[in-house]
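This report concerns only the one structure given below.
The values are calculated or read from the model by the stated rules, or taken from the named source; none is laboratory data. These numbers were taken from a predicted model, which means no experiment stands behind them. Cβ sites come from the backbone with ideal geometry, for glycine too, and all protein chains shown count toward neighbours.
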Amino acid sequence: LLARIELPVTQVTSCAFGGPKLRTLFITSAAVGLDAAQRAAQPLAGGLFAVDVDVAGMPAAVYGGAP
């Protein structure tokens, strides 16, 4: 673990690097299963977050087909 990113939600679902230099971390979250009180306390649940980070992600490998 190199760093921790605090978010205002309890259910983080996935993350991916993006942006021109792959230095933006896009983080998705879920609201499914939260009761009314939890939804009220987490109004951003189910949202997408973008965080600028100090490290770059790796570009996606594109499959070129069978050799």
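Within the set 40, 30, 66, the sole residue that is exposed (fewer than 12 other Cβ atoms within 10 Å of the Cβ), modelled with pLDDT of 95 or more and over 15 Å from residue 3 (Cα atoms) turns out to be 40. Residue 33 meets all of the listed conditions (1) assigned to a loop (DSSP other than H, G, I, E, B); (2) without any contact (Cβ under 8 Å) to a residue 12 or more places away in the chain but one, namely (2). Among the residues in the range 3-16, are any assigned to a loop (DSSP other than H, G, I, E, B), in contact with a Pro (Cβ under 7 Å, 6 or more places away or on another chain) and polar (S, T, N, Q)? For the range 3-16, residues assigned to a loop (DSSP other than H, G, I, E, B), in contact with a Pro (Cβ under 7 Å, 6 or more places away or on another chain) and polar (S, T, N, Q): absent.
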